[in-house]
Amino acid sequence: MVDVFLDLRQPQSHRLTVRLRLQPRQRQLRFRLPAWTPGSYLIRDYVRQLESLQVLQDGASLPVRRLEPATWQVELSGEQALEIRYAVMATELTVRTAHLDQDHGFLPLAAIVLEVEGERWSAHTLTFALPEGWQPFLPLPRLEDGRWLAPDFDAVVDAPLEVGPHRAEHLEILGVPHRWVSWGDGVEADHWLQQRHPTLFSDVAAVCAASCRLLGVPKPASDDYLFVLHLLEDGYGGLEHDNASVLVYGRSALESADGYRRFLQLVAHEYLHQWNVRRLRPRELAPIDYHRPPLVPGLWFAEGVTSYLDQLLPIAAGLFDPASLLTDLGEDLSRYRLTPGRGVQSLRDSATEAWVKLYMADAYAADSQVSYYLKGAVLALVLDLHLRRHGQALSVVLRDLWHRLGRWGRGYGEDDLIAAFAAQAPDLATLLPQWLGSLVDPDLDGYLADVGLILQSEAGTDPWLGLVARSEGASLLAQRVHRDGPAGCAGLMVGDELLALDERRLHTPEQLISRARPGSEQRLLIARRGTIRTLVLRPQPPQPRRWQLLEDPQASSPALERRRQWLSLEPAPG
């Protein structure tokens with residue numbers, strides 16, 4: 001057993017101290033800090049925040065040898081108990097990084113607790129020293145002696161820790177206890193939420209129950225679930241765990257009805273992950289390697305399918321009119337159609353390149369990549385509507401995968417996914433690999449027509465320059481340059497200062513647009529790295545500025561009935 005002690009009694013320093021105690025099993029011991037948190041596919045090198053490491057045995061300090069940036073080794077003097085001490089700076093407030101101040105603390109334990117070689121599958125206990133009036137909230141059982149018990153190191157990493165002078169709301173969903181803990185940056189979160197959304201907890205319970213119905217299960221996968229909400233002025237995000245969700249959302253967004261609906265979609269997304277991705281897990285994440293980035297081709301299913309279903313679950317829960325889906329799904333489809341990177345990067349590549357592309361996007365990223373969340377959600381929509389042509393539905397495939405693989409903890413591969421879809425619609429054995437590996441889009445318009453919907457473009461009014469510019473003081477700078485747009489073909493780069501168009505000085509984006517003349521050649525004067533250059537810009541006519549998802553007024557009665565069945569998340573009867 002490894003005993004972990006965290007001292008957070010100096011929150012104003014934004015620094016906590018950590019002590020690990022264990023009985024060594026060998027005379028040479030290695031230990032290392034994880035490099036990433038499951039669910040967020042980016043190497044974060046948490047070791048950057050670790051300091052003052054020392055190892056003690058029988059009261060004496062041992063020499064520590066660093067083997068890698070986050071890996072150490074010690075030679076032990078005997079079999080006596082070992083103590084590892086260090087400190088961690090906690091100054092970054094996200095769902096995957098550590099933050100500690102006078103108001104609260106949030107610790108993803110992958111960023112805090114060292115993995116000791118040979119002890120990954122050993123039980124770990126956790127104890128905390130907290131400021132007066134604070135208490136800890138984490139999804140682990142508590143022992144009679146006050147310690148929290150994690151059956152192994154994986155359970156430690158999977159236990160997000162929120163601490164502070166908070167109180168928990170208790171919910172029961174299909175007989176399973178749930179806790180909800182809110183922290184507000186500068187506001188009393190519980191009071192603020194109750195004032196603006198008095199039905200919040202009943203709405204959350206309805207979304208969670210709808211998730212269970214979707215999976216065809218009588219209760220949640222977790223036996224005791226924890227929600228942690230960070231209510232900020234602005235923000236959006238979430239991270240899933242086996243028995244918990246950590247959510248970040250903005251108060252300004254929650255002031256509107258649309259913002260509240262999207263908040264419940266975020267709840268649905270992270271809650272559904274307790275099945276899809278946590279227990280029904282890609283093969284490459286079973287077990288997880290906390291120190292190297294595994295390639296996970298199935299992320300399109302883990303995240304894309306979940307992103308598609310999170311918009312439908314609040315509707316299936318009876319909380320919103322189905323017409324709201326036209327807005328939310330339409331925005332996603334519009335973003336997809338307007339992402340040029342979908343013609344460069346396949347969905348499978350988007351998933352396997354997540355570590356070096358999606359989470360490290362720059363100003364040119366949209367031209368070379370597409371999010372597996374977004375394209376995965378579009379493919380999930382297509383698959384759901386394709387399956388309905390065969391009298392089935394995406395929910396049928398999800399239930400099958402859960403009962404055959406997920407509840408037994410068996411990881412799936414791409415072959416398992418293709419076989420599960422082909423079992424319900426045999427032509428998907430050929431179509432699905434094509435959609436995953438090629439740049440050819442499915443017939444989205446045809447599938448939407450099946451449920452009486454059309455995706456209609458809305459033309460822009462401004463000349464197409466392939467350029468997004470921003471004012472900075474008296475200067476106008478290129479913020480985004482489309483790869484094959486007029487500005488990109490002229491040779492413009494992100495960061496260039498736009499000085500003049502046809503010898504007329506530029507200060508604002510509006511001046512640039514108003515002076516552009518489609519079909520002509522214009523002299524664009526720029527400054528780049530202290531030198532003046534002249535480029536030839538050839539503006540084009542306006543391009544579609546967005547796409548709208550609309551009800552087809554000519555839709556047939558069968559199409560309207562298929563739409564009703566689709567929104568219920570169930571296959572067609574019979």
Exercise for review: Lys and Arg at +1, Asp and Glu at -1: add these up for the other residues within a Cβ distance under 9 Å of Ile84 and post the number.
Suggested key: +2
Point to revise | Sorted largest first, extent of segment 1-126 alpha carbons per principal axis (Å) | key: 42, 31, 26
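Using the Cα centre of segment 439-574 as the reference point, and only Cβ charges (+1 on K/R, -1 on D/E), how large is the resulting charge dipole? Debye, rounded to the nearest 20.
Details: 17 positive and 18 negative charges, 167 e Å.
The dipole of segment 439-574 has a size of about 800 debye.
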Check your understanding: Which whole-number percent is the relative contact order of the chain (Cα, under 8 Å, 6+ apart)?
Key -> 10 percent
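Rounded to the nearest 0.05, what FRET efficiency do Ser256 and Arg120 give with R0 = 30 Å and r taken as the Cβ-Cβ distance? Could you check? Display every interim value, and only then the final one.
Details: r = 46 Å, r/R0 = 1.52.
Efficiency, from the Cβ-Cβ distance: 0.05.
What whole-number value in Å² describes the accessible area per residue of the chain for a 1.4 Å probe?
On the way: 23880 Å² over 574 residues.
The answer is 42 Å² per residue.
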Practice item. Could you give log10 I(q)/I(0) at q = 0.12 Å⁻¹ for the chain, computed by the Debye formula over C-alpha point scatterers of equal weight, without solvent? Key: -1.25
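When the dipole is taken about the Cα centre of segment 134-213, and only Lys, Arg (+1) and Asp, Glu (-1) are charged at their Cβ, what size is it in debye, to the nearest 20?
Values: 6 positive and 12 negative charges, 45 e Å.
Dipole about the Cα centre, nearest 20: 220 debye.
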Point to revise | Charge dipole (segment 1-123, unit charges on Cβ, about Cα centre) - positive-most of Gln12, Thr37, Val95 | key: Thr37
Review point. Segment 353-460: D in µm²/s via Stokes-Einstein (Kirkwood Rh, Cα pairs, 20 °C, 1.002 mPa s)?
Key: 135 µm²/s
Review point. Considering the Cα trace of segment 320-379, what is its radius of gyration and what is Dmax, both in angstroms?
Key: 12.7, 39
Practice item. Report, to the nearest 10°, how far helix 324-337 tilts away from the longest principal axis of the Cα atoms in the chain, using its own Cα long axis and a range of 0 to 90°. Key: 80 degrees
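Could you work out the equivalent-ellipsoid semi-axes for segment 234-359, taking the square root of 5 times each eigenvalue of the Cα gyration tensor, largest first, in whole Å? Write down the numbers at each step before the final one.
Numbers: eigenvalues 137, 74, 39 Å².
Result for segment 234-359: semi-axes of 26, 19, 14 Å.
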Check your understanding: Tally Lys/Arg at +1 and Asp/Glu at -1 over every other residue whose Cβ is under 9 Å from the Cβ of His230; what's the total?
Key -> -2
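Over segment 4-46, what portion of Cα pair distances is larger than 12 Å, expressed as a whole percent?
Working: 675 of 903 pairs.
Percentage above 12 Å: 75.
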Check your understanding: What are the radius of gyration and Dmax of segment 450-511, computed over its Cα atoms and given in Å?
Key -> 15.5, 54
Study note, to complete from the structure: For segment 468-550 the mean separation of alpha carbon contacts under 8 Å (6+ apart) over residue count, i.e. relative contact order in percent, is 25 percent
Exercise for review: Quick one, can you get me the convex hull of the C-alpha atoms of segment 245-313 expressed as volume per residue in Å³?
Suggested key: 99 Å³
Exercise for review: Once you have the Kirkwood Rh of segment 474-574 from its Cα pairs, apply Stokes-Einstein at 37 °C and 0.692 mPa s and quote D in µm²/s.
Suggested key: 193 µm²/s
Review point. In debye, nearest 20: dipole of the chain around its Cα centre with unit charges on the Cβ of K, R (+) and D, E (-)?
Key: 1060 debye
Review point. Any idea which of Val370, Leu22, Ser77 is furthest toward the positive side of the dipole for the chain, if Lys and Arg beta-carbons carry +1 and Asp and Glu beta-carbons -1?
Key: Val370
Revision key, fill the gap. Projecting the Cα atoms of Ala449, Val344, Pro218 onto the charge dipole of the chain, where Lys and Arg contribute +1 and Asp and Glu -1 at Cβ, the residue farthest towards the positive end is Val344
Exercise for review: Using θ = phi - 60° and the Karplus relation 6.51 cos²θ - 1.76 cosθ + 1.60, list the HN-Hα couplings for segment 538-555 in order, rounded to whole Hz, with x at every Gly or Pro.
Suggested key: 10, x, 10, x, x, 9, x, 8, 6, 10, 10, 8, 10, 6, 7, x, 9, 4
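The values are calculated or read from the model by the stated rules, or taken from the named source; none is laboratory data. What you see is a predicted model; the values in this text were computed from it and never measured. Using ideal geometry, Cβ is built from the backbone for each residue, glycine included, and neighbour counts are taken over all protein chains shown. Note: accessible area is taken over every heavy atom of the protein model, side chains too, but ligands, DNA and RNA are not part of it. Shrake-Rupley method; radii C 1.70, N 1.55, O 1.52, S 1.80 Å.
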